[in-house]
Structures are given as structure tokens and as C-alpha cells.
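Here is the structure we will look at, set down as C-alpha cells.
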Amino acid sequence: MLTRLKVSGFKNLVDVDIRFGPFTCIAGANGIGKSNLFDAIRFLGTLSDRPLIDAALSVRDDGGRTADVRSLFHRVGDEYAPQMSFEAEMIVPREGVDDLGQEAKATTTFLRYSITLAYRKDDHLRSLGPLELLKEELTHITLGKAPRHLLFPHKATVWRKSAVRGRRSASYFISTEREGSNRVIKLHQDGGGGRPLSRAAANLPRTVLSVTNAAESPTALLARREMQSWRLLQLEPSALRKPDDFSAPAKLGPDGSHLPATLYRLARQEKSSGTGEEAHSNQDPQVYARIANRLAELIDDVREISIDRDERRELLTLYVTGRDKTAHAARALSDGTLRFLALAVLAEDPEAQAVLCLEEPENGIHPERIPAMIQLLQDLVTDVNEPVGPDNPLRQVIVNTHSPSVVQQVPEDSLLVAELRETVQAGGRFKGVSFSCLLDTWRVNKTPASPEAQVCPKGRLLAYLNPVILQEPVNGVGEGDANGSRKSPTPGKSRRVVDREDIRQLVIPFPVEP
């Protein structure tokens, strides 16, 4: 679970410091940098698993893919920032396994990971790529300091006690030190004893965290596992519609692929966990009924959901049956229905312990159904009033949107408003994205570990609270005459819906800013 993220020098994120709760909604206009924040989270997660250059090339640019690593660095005019830095505070799982199947148990679960990367101008070491690792550190946040870092409302004696555990005697799990003119990154043993493993930073093609295992540092391994779980979900209807082979991965992909295999796995797990008559019953597991009930909140015509297992073709196909008992395969469902269905399956999956980033989850959802979609997203996240466990995983959701319907209905303390603000730094003037919260919400609390947050002025919310802007009509349509009456549209000209007298009575307009 990602509780705080600091980013500087990455795209248009400069001196950004955000605290996250279990559910966070980021609202802002198109093109100001909401997606850049998701890219920063994804980049950090990819650095924990892949070489530096591969992680950089996986980040999208305006064209959907990064071809020039330099484009990841903040730019003012033709000048690029010399480095970019990230710092993440996170709660990691207590137990896990490494790539060789060795079990690991963290000595402490509340950690801070920081990394600084520079652009290597003289790329004579082409095997290492144009990125150089300047600093990498992993340290712990003590139990005593946890309340000053976890500001969102939660039950300390129940949720926090089960999520933040363990103690650490030494200061670092990973540290960066200078030995003469060289920078050395050291991986320390969990117990604080023994000789740390040292590696020259300039020669590293990947982070030290990305190669940790259970034997060397189990806590660092579990930090790696946590960051590997940070996912950007871009649910594509084409992927959601596809059936799965019997051998397909039984885990929902970032694009929504393997939906049938994931749901089939959940049903088998639920059936095998039963006892007595329930375990040997031919009836469908209750997971199908729960997801069908959830989907019925979006569309009325839902009777049941099932997975057809075709033994001859070795295919798993998802079906939704309507009230008239007509079964519809996934390929016949609407885009919004499929996205909602994928989120409902994720909510049932205890293995989906991750930070889930979703862009514009309201796409394809009718405005009347937005509250059901928001409630589903909130049901996905960890319940901060219950202990963490298999039925309450450390799952977190971060969404971005520019939809007034979403902004109006999300919890007030979950909202962050993104906007461009002009900043002067090192003699240069530029516009960077900033994130502000609403007054009287938990992010405004000021503690030694939490400097005063930026508060969003109420005027910034007008476009979300009342999105109808009555601008001058086009082509004279809807203009008033000298007596103030509305003119009838010129023959051949159409009238806007908002210009109808019976509609305008329902609209509360606000003026256009000069």
C-alpha cells in the first residue's frame, strides 16, 4: 500500500508530495499531468523488476511509448533537469516468496524507499544505457512514528496494528555511501549484522532492490514484491471480450485480459474450500451470484453469470444470462458492462493485493450508474476498520477523472484536484502540476511529518459542481430579441438542448470567466 509519494524532475512533476489513503480520486482537466503521476508510480514499480533502461522505455509519452529516455526528465524550454528523484512510503506484506520459491518474512512492514536517477550524457557504456543510479535507499518507519505518517482515518488498534508490524534495530536495508570518489550502494542484512553486499552505483544496470532475494534481505524482497504489484489498469473491451485457453494465466491482466480464467479460478477456490455437501455439490459457487448481484446495480437485465468450459476446444467463455434466460457471451456485452464486471471480479479476488491505478473508470458508464461504480471502487480497497488478512487485503485504488459526476459523488477526503501552477526555480519559469485537497479534510492536518497541504479554492470546483456554461449561442440560435424573448431558430439551423425554455429552468448556470 502506497501511503506517500514524492516526485521531482519527472516530466512535469516538480516537488510533488502526495499522501494517499485507501481510495484517492484525482480530478483535473485534460493534458495537465494527471497521467504523469500514474506514470511515476508505474515507473517506480517497473524499476523494482526490470533494468533501468527497460523501465524507462516502458513509460508512455504523448505518442503512447517512450523512444527517448531524456523525455522522462523535466524540461523548461530546451533545458532538461539533470536528475529525477522519487521517494515512496509504503506498507508491505508481512510474508512472501522470492523468485526461487524461498519464503520470506519482513522484520518490519512500514518502509520508505528513495531513488535518484541521472541522465548519462556521455553514454560510452552502452550496455548500461543512458540512466545512472545516483542514490538508492530503503529504510524503515518505526511503530512510534507511524501515527504521524498515516493521517487518513483508521482504527489504530485494529487495522494499523495488523498492517504495521515488526521492529528494526539497524537504520537501513539499502543505503548509498561514498567510498573515496565512488558511490557504493549497500544491501544490509535484516538482522543488522554481517557484512553488507556492496556494489558500485555507476556500473549498475538496475536497482539493487530488483535483485534481492529471501536469503539476503527478506524485508527488501517484500518491498520489491509490493512495488511489483503497483499496476496501471487500462481495461480494454477487446481484451475483456476474449475467451481464455485452459492454460491461460488465472490473473486479470492490466488490460483486462484473462477475465474468464480469473473468475473460473475464484469459483474453483470457493468450491474447494467448502466442506461436506457444499464441497461435493453440483451447484455453482456463490461467487457467481455475488458478481451477478453487483452487475445488476449497473444494468437491470441480469439473472446470472457463469463460465462455460468447452472441453473440445479447451476454452473458457464468460456468459451473462438475462432475466429472459437468454445467455450472452462476453463478446456481446457493452464496454461499460465489461469494465464494471472486471472490477467486480477484482473485488472478489483476495490475491489482488495491489495499488490499482485506473484512468477515467467512468468511461462507458451511464451518469445514473456512476454512484454504483464509485461504490464498487471503494469496496475494492482495504477496510481500515478491520484487521488486514485474506478477507481484507492491503488493496488500494487511485483513479483520475475529469467527470463532474465522479467528482460530485466521491468522498470529500478522497479528492485531489490537479492543476497547472506557475513556478520559478533556478531562474526559470515553468508550469508544473500541483495537487490540492479540500479544506477540513485529513490531508490538511499539519504535523512534523506532514507539512501544510495545498488547499483547493472553492472556485476551482465550479466546473465539476455545475458544468453547464451558457456561452453565446452559435449562429444566432437562442439569442434574445429587444424584449428579451428567445428567438426561434433560423430555418436550417438547429437549437441547442440547453436553449430550450423547459430545459433552461433546470439548469443553474455560472458565467464564463473573462
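Can you tell me which residue within region 398-429, out of those that are at pLDDT below 80 and among the hydrophobic types (A, V, I, L, M, F, W, C), is farthest from I370 (Cα to Cα)? Filtering first and then ranking leaves A426.
Of everything in region 326-348, what is assigned to a loop (DSSP other than H, G, I, E, B) and either out of contact with any Lys or Arg (no Cβ under 8 Å at 6 or more places or on another chain) or free of Cβ contacts under 8 Å to residues at least 24 places away in the same chain (or both)? Give them in sequence order.
Of everything in region 326-348, those that are assigned to a loop (DSSP other than H, G, I, E, B) and either out of contact with any Lys or Arg (no Cβ under 8 Å at 6 or more places or on another chain) or free of Cβ contacts under 8 Å to residues at least 24 places away in the same chain (or both) turn out to be T326, S334.
Selection of region 212-227 for residues being assigned to a helix (DSSP H, G or I) and either surrounded by fewer than 16 Cβ atoms within 10 Å (Cβ to Cβ) or touching a Pro at 6+ places or on another chain (Cβ under 8 Å) (or both) yields L222, R225, E226.
Filter region 359-384 down to the residues that are of a type outside the set (D, E) and at positive phi and list them by number. Within region 359-384, just G364 meets the criteria. Quick one: what pairs do we get from region 381-404, first residue assigned by TED's automatic domain parsing to the domain that holds R165 and without any contact (Cβ under 8 Å) to a residue 40 or more places away in the chain, second buried (at least 18 other Cβ atoms within 10 Å of the Cβ) and of a type in the set (S, T, Y), C-beta under 7 Å, 6+ apart or different chains? Close Cβ pairs satisfying both conditions: N392/T382.
Pick from D301, D308: which is at pLDDT below 90 and either in a loop (DSSP other than H, G, I, E, B) or not assigned by TED's automatic domain parsing to the domain that holds V399 (or both)?
D301 is the lone residue from the list that is at pLDDT below 90 and either in a loop (DSSP other than H, G, I, E, B) or not assigned by TED's automatic domain parsing to the domain that holds V399 (or both).
Just one of (1) within 30 Å of W442 (Cα to Cα); (2) surrounded by fewer than 16 Cβ atoms within 10 Å (Cβ to Cβ); (3) among the basic types (K, R) fails for R369. It is (2). May I ask you to verify whether E422 is over 27 Å from S257 (Cα atoms) and either surrounded by fewer than 19 Cβ atoms within 10 Å (Cβ to Cβ) or not assigned by TED's automatic domain parsing to the domain that holds M90 (or both)? The answer is yes for E422.
The values are calculated or read from the model by the stated rules, or taken from the named source; none is laboratory data. Given the structure is predicted, the values throughout are model-derived calculations rather than measurements. In this analysis, Cβ positions are derived from the backbone assuming ideal geometry, glycine residues included, and neighbour counts consider all displayed protein chains.
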